[in-house]
Structure formats: structure tokens, C-alpha cells
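Each remark here refers to the structure printed beneath this line.
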There are 2 protein chains.
Amino acid sequence: MLKRRQSKRVLIGEVPVGGGAPISVQSMTKTRTDDVGATVAQIKRLEEVGCDIIRCAVPDAAAAAALREIKERVRIPVVADVHFRHELALMALESGADALRINPGNIGSRARIEEVAGAALERGVPIRVGVNSGSLEKELREQVEQVSESERSGAVANAMVESARIHISILEELGFNDILVSLKSSDVQTTVEAYRLIAQECEYPLHIGVTEAGSVLAGAVKSAVGLGILLNEGLGDTIRVSLTGPPEDEVRVGYMILRALGLRERGPEVISCPTCGRCQIDLVSLVEEVERGIAGVTDAVKVAVMGCVVNGPGEARDADVGIAGGKGSGVLFKSGSVVRKVQEDKLAETLIAEVRRMTE
Amino acid sequence: MLKRRQSKRVLIGEVPVGGGAPISVQSMTKTRTDDVGATVAQIKRLEEVGCDIIRCAVPDAAAAAALREIKERVRIPVVADVHFRHELALMALESGADALRINPGNIGSRARIEEVAGAALERGVPIRVGVNSGSLEKELREQVEQVSESERSGAVANAMVESARIHISILEELGFNDILVSLKSSDVQTTVEAYRLIAQECEYPLHIGVTEAGSVLAGAVKSAVGLGILLNEGLGDTIRVSLTGPPEDEVRVGYMILRALGLRERGPEVISCPTCGRCQIDLVSLVEEVERGIAGVTDAVKVAVMGCVVNGPGEARDADVGIAGGKGSGVLFKSGSVVRKVQEDKLAETLIAEVRRMTE
């Protein structure tokens, strides 16, 4: 088991983040927040795939007001994402937001900051300081631009941490400590370096993610590399995988990353051989059919789909259950032992039925 | 720049592996090797996406013989993957295979091993010792099975390294040192641990990969976590991403992983925001269209597809070129500065044309 960084615990609604809590998986709605029907429907789909915390953009008063009805209709806590306008943060709190993502240095006068922090404190609502390398303060950005190309990544990481320090200290001076921190860049190495630095100097829980990661496959890979390295070093209390794609995929990929490191499990893990010149069946279609058939299963179960009857059951002996294909007929196996022969065209349905039975 | 482990250099055909060479990206054909037409066509598609080294299964004499014609018709080096049968290894060498993947401990008598090692040595052909956690020697497997569940992963890693030692020492005793090593498990943590251990005790270049990783998305995520952690620690001289899917995806994902860590670049990197409630255009389709339009570009170029005109160009100022969308019209920008306004329905084609022009 990986050793995790000790962090302070905060509560987002009823979901604990940090202090040894399970690493939570977040996403963000991609609907217009003031379209309550569409937003609630999206959140309900996200709840089904295991999303723990959802964030909604609050670009205007209509969105801030909509949070009230959204909150009433969903189970998971809702984080209001606010930029610049303190009155929207106040409205979101009024609507029952479970957390704010807002950078206090960007909302204007001391009085405004005090008002927001005071209202959050009163309601026990945490604030995430969310630094993004693409929107650093002008002075920090200008410092970074003077650094040579080869040292740019480290300089950006330092500037991101400096930006976080500024926002954090504004809150701390007001006696507000219910803080989470994120430091996201679209560059994986910059992101990793920034989190390593901040982890050394504060105990706030870390919301980790790589930003603007790209489309589903490319974004999943970048996120898996970045979050994988951080989580492997014990850093990260809650994760968001940012993809230009369905938010459900963000959650699925999040769980895949956590599972790869033994940090959290949810749903089946399908292991399958890459197929090779020895394979005599259409393994790709078989895997797709099995994945579709067990998509709704929430229990952690290791399922194997292997290309050859001779090596398959043995090679996949770690799997709880699996099939190995062959020309005409294959086998169903459990923990490495063959249970029975199965006709080739019944392999998928046999495995799906078996997984369902085992996880019911 | 990440510091890499010092390793011995071997040559697979003309591709150097280890000793500071660029990390090469491998794949394996999924056709029947004796179907020369299909195999060559697949390898040519792989060459186009940047595959450096290709491996073909050699399950029988027809496959071993087919390697000769395959070799004549492709540019990249071909590795013969042989299990158990030493005569197939000899035939593959006769056919001009550029490397063998064979475990000498599995091919029988000392005389047979000497014959294979001798033939490989004569031709200057390296051998990869490829240990797979699912096919450990019986004695090693039985040792592992006696270990408690919680310590299983570490025990498997140790057993894999022990297996590699056995195969390596057989070759070394024969004076054969032109060796690569791989230690693959379908479990990410076991894989990572096994490579860490072997790296401490030999200088042979490491072929790294997570085996039976699953379908394209799940397998890409597992591979990215595992290889990302290893590469970040300086381990790995050549990589294979195993996916139950098209081998071209294995190569594409391989490059995505290397690029995320600044280790090697090829082709465009598309950064794009995840879209949110503020986004007023169909960003997912836009990204897909751009990705399709620039798929053939081999130069490394950072391309941004952003959802809002206000923040997009600034947030993506690291990109060489990008578009930011808005209702009705968006902008084309370069290195953070807006170049010109573009009609919404011309955004993708404008960006594609600009990327093509920049990389021609």
C-alpha cells in the first residue's frame, strides 16, 4: 500500500477530503448550469458511475440561483466555480453550494473577500484555491517569461505555488483555514513539480489534476501519467481528470488511475491480451461486448478475456473469472482453473452472466 | 529533463536501445505472421505512426519462414517472438530477424540453448528475456502462492526478477551479453516494483510495459500510470503499450506517454479545455475535427482548441497555435496573441490549414 502524505481533512458536503479519507473522484458539469434539467440529468449519470463530488460553473446570477434546485435534486455535494465576481460566490452560498472554487486574490477589495470568507465560514463551506498556469497574475507571468525556455517549466511551477501562497494567506489572515489547493497546468511535468512544492509547505488537502488535457484518449493518458506519478508519491486527496468529452469518462478514467495504484476500486477491471499472430478469435469485439455487458456492475471484480485456451487461464490466474477463446470453443475459468468448456459464440454472454451472478 | 538510468546499448537492426538512445516505441503485429500481405500492410501503417520496432509472433515454421519476405518489405526492425521451440528461433534468425524474444530457460537442453545463443551471437542479434508474471516457472509460482494476499504483489515482483536472473545467467554463462530484459505483469504495482528491482542489479536495457492491460482506453490508462512512474524514475529504454485494439493505438499512446514526460515528441499535441457551463460552442466535435485534420502531421507542435474567446488565448499561451471559440465567431491565436477573428464554422479548417503550413 502506498504511503500517503498527511493532510488536513475538510468536508465537502458529507464527503471527507484529506486526512486519510478515500481519494474522491470529481467531475464538472458541461451543461449550462441554469439549465437545471440538463444539469441534474448529467449529475445523476455521474452519480451512477461513482462521481463523489460535482462542480458547476457559476458565470452569472442565473447559474448561482439554479444551484438551489440542483442541490435539491442530486445526492452528491455541489461545488460552485466562481471567477472574479464576489456577489456570485455569495449567491452560490445562499443556494447551498457545498464548496467554493474561487481565488480570493481575484475578487477585489478586502471587504469583498471578508464577506465571502465570512459567509463560507458561517456555513462550514470550504474554499478551493485553484491556480491554473494559464491564468497566473500578471506580475508572476512576466517573471516567468524572462526565464529561458529550458528552465521555464520549473519557473512556472514556482510561480503557481507563489500564486497559491498569495490566495491562501489572504484567507488565513481572515482566520479561514477550511482550504483545499489545486495547481494545474496543461504540462504534466509542471503540474507534478508544482504539487510537490506545495506539499512541502502546507497541510491542506490537494485537489490534483492536469488541465486542458485534451480529448478522451490523449487526455486520459496525460492525466494518468501526471496523477499516477503524484499519487505514487503519496500526493493527492481528491482527483479530477479533465477531458474534452463526456464527464462520465472523466470519472471512469479517475477510477482506472486509482485502481492501477491500489488506492481505490470500483467496478470490474477487464484484463485482456493484446492479441497477436497466435490469436484465432476476434478478441477486440469480445472484449467490447464483455465491457458493455458488465458496465453497470459496481463491485470490484477482476475479469479476464484471453485469446488462447492453452495459456489464457494460467496467464490470467489472478483474475476472479475469465474466458479464454479458441476456434469453435473456449473455456470459462475462475482463479486460474477451468470451470467448463463454452461454445465460441456463447463466450461473452457466459462471462457476463457469471460476473453478474458473482457481484449480485 | 529527467535523469535516466545508465544502461548498456544494444542494437535492434539499426535502432539503438539503451545507453542514452531515444526511448523507442514498439508494437506487435496482430495478424497471422504467415499472412505476409496482411502483416506487411499492418507494419507499414505502424511505420507511418512512428513505430520504431515491430515484433511478430512465431508460433510455427510458416511464421518463421514468412519473416524473410516481411523483412524485405518493411523498413523497421523485426523481432521474432518465440516460445519454447528452439528450432523456430533458429529459423527466425535464418529469415533475418533483428532480435529474438525468447526465454532460454524454456527451450530445453543446454545444447539447444547454445545453438540459439550461438546463432544469435554470430548474426549480432540481441535476445530479449521477457518474463511475464502469468507464466512464471512452476517452482517460483508455487513459492508466490504461499505468500499472504497482502504481500503477494511484492512476492510476484521478486519471483519475476528471479526468473529473469535464471534466463539471463544461462545466456551470460555462454558469453552472450547482447540482452534486453522485460518484466511484465497485468498489475501496475507489481510491474513497477519488478523493474525497480532488476534496474538495481544489471545494466541491460529495459523493455518496459504492462501486459494484458485491456481495451484501448483502460489499457492506455494502466500503461500510462505504470510506464509514467517508471520513466519518471529514469527507468525504461524501449516501451510497448499492450492494448486489445489496433496496434497503431499502441504506438500513439506510447508517444503520448513519452511526450507527457518531455522524453520524446512526435506529431501534434492538442490541448483543449474540458468545456464547462461557460462554453457556448460544441468543443468536443471541434477537437475531433481538428485531431482528424492534423493526424498525419509528424512534427511536434502544440495546438490549442479552447472554448472561450476571453480566456482561451491567454490560458493557452504555451501553444504554438490555437483557436478559441465563441458564439458566431472565434479567434485564431499564436503563442497567446490573437492573429485574427474567424467565423465559427471556419474555426477547425483555419486551424488545420495553419498547422499544416507551420509544419510543412
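The values are calculated or read from the model by the stated rules, or taken from the named source; none is laboratory data. Everything numeric in this text was worked out from a predicted model, so none of it was measured. Glycine also receives a Cβ, built like all others from the backbone with ideal geometry; neighbour counts cover every protein chain displayed. Heavy atoms of the whole protein, side chains included, go into the accessibility calculation; ligands, DNA and RNA do not. Shrake-Rupley method; radii C 1.70, N 1.55, O 1.52, S 1.80 Å.
What gaps in nm, shortest first, separate residue A:22 from its twins in the other copies when you place the label 7 Å past Cα toward the beta carbon?
Computed spacing set for this position: 4.4 nm.
Tally Lys/Arg at +1 and Asp/Glu at -1 over every other residue whose Cβ is under 14 Å from the Cβ of residue B:75; what's the total? Before the final figure, lay out the partial values.
Working: positive: B:44, B:45, B:71, B:73; negative: B:14, B:47, B:48, B:52, B:72, B:98.
After counting each charged neighbour, the total is -2.
So for A:217, A:286, A:332, what's the accessible-area order with a 1.4 Å probe, most first?
In descending accessible area the options line up as A:217, A:286, A:332.
Measuring from label point to label point, each 7 Å out along Cα→Cβ, what is the residue A:68 to residue B:149 span in nm?
Here the answer is 4.9 nm between the modelled labels.
Tell me the net charge near residue A:204. Cut-off is 13 Å between Cβ atoms, residue A:204 excluded, with +1 for each Lys or Arg and -1 for each Asp or Glu.
On the way: positive: A:5, A:8, A:9, A:128, A:165; negative: A:172, A:178, A:201, A:203, A:237.
Residues near residue A:204 contribute 0 overall.
For residue B:341 and residue B:177, compute 0.36 nm times the residue count separating them, minus their Cα-Cα distance, and round to one decimal in nm. Please list the in-between numbers first.
Working: separation 164, 0.36 × 164 = 59.04 nm, distance 6.11 nm.
Fully extending the segment from residue B:341 to residue B:177 adds 52.9 nm.
When each copy gets a label point 7 Å from Cα toward the beta-carbon at residue A:203, what are the spacings between them in nm, shortest first?
Those separations, rounded to one decimal, come out as 4.8 nm.
Which GluC sites (Glu not before Pro) does the stretch B:2-65 hold that lie in a coil by DSSP with at most 11 other beta carbons within 10 Å? Each step should come with its number before you reach the end.
Numbers: sites: B:14, B:47, B:48; in loops: B:14.
Sparse-neighbourhood loop GluC sites (Glu not before Pro): B:14.
Residue B:101's amide H: which non-local residues (gap 5+, or another chain) put their own amide H closer than 5 Å, with H modeled 1.01 Å from N in plane and none for Pro or chain starts?
B:80, B:81, B:82, B:128
Once each part is reduced to its C-alpha centroid, what is the distance from the stretch B:97-156 to the stretch A:185-242 in angstrom?
First find each Cα centre; the distance between them is then 36 Å.
Note down the relative contact order for chain B as a percent, whole number, built from C-alpha pairs under 8 angstrom at least six residues apart.
Details: 752 pairs, mean separation 47.7, N = 360.
For chain B, the relative contact order is 13 percent.
Give, rounded to the nearest 20 debye, the magnitude of the charge dipole that chain A has about its Cα centre when Lys and Arg contribute +1 at Cβ and Asp and Glu contribute -1 at Cβ. Intermediate values should be presented prior to the final figure.
Details: 43 positive and 51 negative charges, 184 e Å.
I would put it at about 880 debye.
At 7 Å along the Cα-to-beta-carbon direction for both residue A:61 and residue A:75, put a label point, then send me their distance in nm to one decimal.
3.6 nm
Once you keep just the Cα pairs under 8 angstrom separated by 6 or more residues, what percentage relative contact order results for the stretch B:269-359?
On the way: 181 pairs, mean separation 23.3, N = 91.
Relative contact order comes out at 26 percent.
Give the long-range amide H neighbours of residue B:269: residues separated by 5 or more places, or on another chain, with amide H under 5 Å away, using H modelled in the peptide plane at 1.01 Å from N.
B:301, B:302, B:303
Using DSSP, restrict attention to beta bridges with both residues in the protein assembly as shown and report what percent are antiparallel, rounded to the nearest 5. Please list the in-between numbers first.
Values: 24 of 94 bridges.
Antiparallel bridges: around 25 percent, rounded to the nearest 5.
Just the number, please: percent antiparallel of the DSSP beta bridges in the stretch B:269-359, rounded to the nearest 5. Provide the component values of the computation, followed by the final result.
Numbers: 9 of 17 bridges.
If we restrict to bridges inside the stretch B:269-359, about 55 percent are antiparallel.
Could you work out [θ]222 nm for chain B from helices alone, using -39500 (n - 2.57) per DSSP H run of at least four and dividing by all its residues? Round to the nearest 500 deg cm²/dmol.
Values: 12 runs with 152 residues, N = 360.
That calculation yields -13500 deg cm²/dmol at 222 nm.
Could you grab the relative contact order for the stretch B:1-82? Cα pairs under 8 Å, six or more apart, rounded to a whole percent.
Values: 123 pairs, mean separation 23.8, N = 82.
This gives 29 percent for the stretch B:1-82.
With the dipole of chain A worked out from charges on the C-beta (+1 for Lys and Arg, -1 for Asp and Glu) around the Cα centre, which of A:251, A:190, A:295 lies farthest toward the positive end?
A:295
Per-residue mean of other chain beta-carbon atoms within 10 angstrom of the beta-carbon, peptide B:231-242?
2
Rounded, prolate or oblate: pick one for the stretch B:10-260, where a ≥ b ≥ c are the square roots of the eigenvalues of its C-alpha gyration tensor, a/c under 1.5 means rounded, and failing that, prolate if a/b is larger than b/c, else oblate. Please list the in-between numbers first.
Numbers: a/c = 1.58, a/b = 1.12, b/c = 1.41.
It is oblate, given that a/c is not under 1.5 and a/b is not larger than b/c.
For a test of the definition: using alpha carbon positions, the gyration tensor, and the 1.5 limit on a/c, classify the stretch B:216-360 as rounded, prolate or oblate. Could the numbers behind the result be given before it?
On the way: a/c = 2.07, a/b = 1.94, b/c = 1.06.
Judged from the Cα gyration tensor, the stretch B:216-360 comes out prolate (a/c at least 1.5, a/b above b/c).
Quantify how strongly other chains surround peptide A:169-182 by giving the mean number of their Cβ atoms within 10 Å of each of its Cβ atoms. Please list the in-between numbers first.
Values: counts 0, 0, 0, 0, 0, 0, 0, 0, 0, 0, 0, 0, 0, 0.
Average per residue, whole number: 0.
If you stretched the chain out fully between residue A:299 and residue A:123, how much longer would it get, using 0.36 nm times the residue separation minus the C-alpha to C-alpha distance?
Result for the pair: 59.8 nm of gain on full extension.
Classify the protein assembly as shown as rounded, prolate or oblate, taking a ≥ b ≥ c as the square roots of the eigenvalues of its Cα gyration tensor: rounded when a/c is under 1.5, otherwise prolate if a/b is larger than b/c and oblate if not. Please list the in-between numbers first.
On the way: a/c = 1.92, a/b = 1.68, b/c = 1.14.
Verdict is prolate for the protein assembly as shown.
HN-Hα J couplings of the stretch A:262-270 from phi, Karplus 6.51/-1.76/1.60, θ = phi - 60°, integer Hz, Gly and Pro as x?
Once rounded to whole Hz, the list reads x, 8, 6, 10, 7, x, x, 10, 9.
Please give me the summed charge of the neighbours of residue A:97: other residues whose Cβ is under 11 Å from its Cβ, Lys and Arg +1, Asp and Glu -1. It would help to have the intermediate numbers written out before the result.
On the way: positive: A:55, A:68, A:71, A:101, A:123; negative: A:81, A:94, A:98.
Computed value for this residue: +2.
Relative to a virtual label point 7 Å from the Cα of residue B:203 in the Cα→beta-carbon direction, which members of the stretch B:7-32 show backbone nitrogen distances below 13 Å?
Counting only backbone N, you get B:7-10, B:19-20.
Separation of the stretch A:306-354 and the stretch B:21-85 by C-alpha centroid, Å?
28 Å
What list of ³J(HN,Hα) couplings, whole Hz, do you get for the stretch B:336-351 from phi and the Karplus terms 6.51, -1.76, 1.60, once you set θ to phi - 60° and write x for glycine and proline?
Using θ = phi - 60°, the values come out as x, 9, 5, 8, 6, 6, 9, 4, 3, 7, 10, 4, 4, 5, 5, 5 Hz.
Residue of B with Cβ nearest the axis relating B to A, plus distance in whole Å?
Spelled out, residue of B and its Cβ distance from the axis onto A: B:224, 2.
List the residues, sorted by chain then number, that are 5 or more residues from residue A:137 or on another chain and whose placed amide H is less than 5 Å from its amide H.
Here the answer is none, since no amide H 5 or more places off falls under 5 Å of that of residue A:137.
If you take every DSSP beta bridge fully contained in chain A, what fraction is antiparallel? Give it as a percent rounded to 5.
Working: 12 of 46 bridges.
Antiparallel bridges: around 25 percent, rounded to the nearest 5.
Rounding to the nearest 20 debye, state how big the charge dipole of the protein assembly as shown is about its Cα centre with +1 on each Lys and Arg Cβ and -1 on each Asp and Glu Cβ.
Value, rounded to 20: 120 debye.
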